[in-house]
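Working notes, structure below.
The values are calculated or read from the model by the stated rules, or taken from the named source; none is laboratory data. The shown structure was predicted, so the numbers you read here are calculated from the model rather than taken from an experiment. Using ideal geometry, Cβ is built from the backbone for each residue, glycine included, and neighbour counts are taken over all protein chains shown.
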Amino acid sequence: MKERETRIIHTRGERLSRKTVNPPLERASTVLFDTERALYDSKPGYGRMGLTVHRELEQALCELEGGTHARLAGNGLQACALAIASCVEAGGHILFPDSAYGPTARFCERRLAAMGVSSERYDPRIGAGIAALIRPETQAIFIESPGSLTFELSDTPAIVEAAKARKVRTISDNTWGAGYFHQPLSLGVDMVVQALTKYVVGHADAFGGVVVTKDAGAYNRLAMASEDFGITLAPDDAYLALRGMRTLHTRLRAHEAAALELATWLEARPEVAEVLHPALSSSPDHAIWERDFTGSSGLFGIVLNPIPEGGMDRFLGALHLFGMGFSWGGFESLIIPCDEQLTRKTDGAPTRPGRLLRIHVGLEAVSDLKAELDTAFRALGQSA
């Protein structure tokens, strides 16, 4: 069996006779057929269903996540919504972590409510205790580990065990682990979701999402929901995602090393109260990370100590290599203040002494990133 790094590069299958390294990019809505029978029996029968590049991307993503079936979507949120919608129906109930990506939480609490499905938040560190929240009508448990703002890890095997005992489906958002550092399907999760926009695309220039499973029944439900909603991924975005797949393992290792170096440096800064990175030994979730992950990506958070008035504006104004913008996973470093995004509602939500910042470490020289942050911290502490 070849290593996964090799398998996600060589995914051409029966198309090995093709003369090009990359698959053809077919920008097509209409597919032509020679006979009436072929018109109705052939797959795909229409461009929305995906063409050559989509099939090859799905194959590579199955290799990455350890699945057998993949369904593409136009972006990460759409993939989350698709996976959830395929599991629930009116009168049902879903559990999701209090640390979940904001738009996922919004989908559960706003859109599902309009569909007659109730949702409930849980403490992301609840572990086996989630069994007490499962109701007779509970149909799915959504997991996001770590949370994309506050970086708590969930005890996925414990949640899966409780869910399986009650025949409840589980879905895991694996964008941070990217399928390379974390494989929830191997831990018993029914479906795994990724925002391909982040590490798979890797260049901040395309959108995409995917749901991967090893369960044929789960895939049939996904396929029907996807067809009913008309979900598709543009061929150009599929091409860019597949191109990103070929260098994913190299980029992720570079992101990992740079982020760990920067996170360790930040732990020693007097301006920083806490670094939120599960791969650090100081993290309360480090033991789970060691058990369930094989590495870490370039995204983590820091909590600042109290700062003087106007300090955050001065800090952000001193940054040039770090851009301030949403998303992550690209070659460029990013930093955003996160307090405005937080909507924590459970009793287990952490308290913080100061502002929360999220950092994505790109592929720049770490020495340059440290120098810029040092300048920004000095600006932060200046008198107004």
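The table that follows gives values for the structure above.
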quantity: Residue that is farthest from Cys87 (Cα to Cα) [pool: residues in region 208-225 that are touching a helix residue (DSSP H, G or I) at 6+ places or on another chain (Cβ under 6 Å) and either assigned to a helix (DSSP H, G or I) or of a type in the set (A, V, I, L, M, F, W, C) (or both)]; calculated: Val210
quantity: Qualifying position, being over 28 Å from the mean Cα position of the chain (by Cα) and not β-branched (Val, Ile, Thr), among Leu57, Leu39, Leu25; calculated: Leu39
quantity: Condition check for Phe326: modelled with pLDDT under 95 and assigned by TED's automatic domain parsing to the domain that holds Ala273; calculated: yes
quantity: Counted residues, region 51-84 - those being in contact (Cβ under 8 Å) with a residue 60 or more places away in the chain and assigned to a helix (DSSP H, G or I); calculated: 18
quantity: Strands (runs of 3 or more DSSP E) (entirely within region 85-176) containing at least 2 residues that are surrounded by fewer than 22 Cβ atoms within 10 Å (Cβ to Cβ) and not aliphatic (A, V, I, L, M); calculated: 118-122, 138-144
quantity: Residue ID - surrounded by the most Cβ atoms within 10 Å (Cβ to Cβ), chosen from residues in region 217-228 that are more than 15 Å from Gln59 (Cα to Cα) and in contact (Cβ under 8 Å) with a residue 12 or more places away in the chain; calculated: Leu222
quantity: Val200 touching a residue at least 40 places away in the same chain (Cβ under 8 Å), of a type in the set (Val, Ile, Thr), crowded, with 17+ Cβ neighbours inside 10 Å and more than 11 Å from Gly74 (Cα to Cα); calculated: yes
quantity: Complete set of residues in region 303-318 that are closer than 22 Å to Ser148 by Cα and assigned to a loop (DSSP other than H, G, I, E, B); calculated: Asn305
quantity: Residues being in a helix (DSSP H, G or I) and within 30 Å of Phe293 (Cα to Cα) - total across region 227-260; calculated: 22
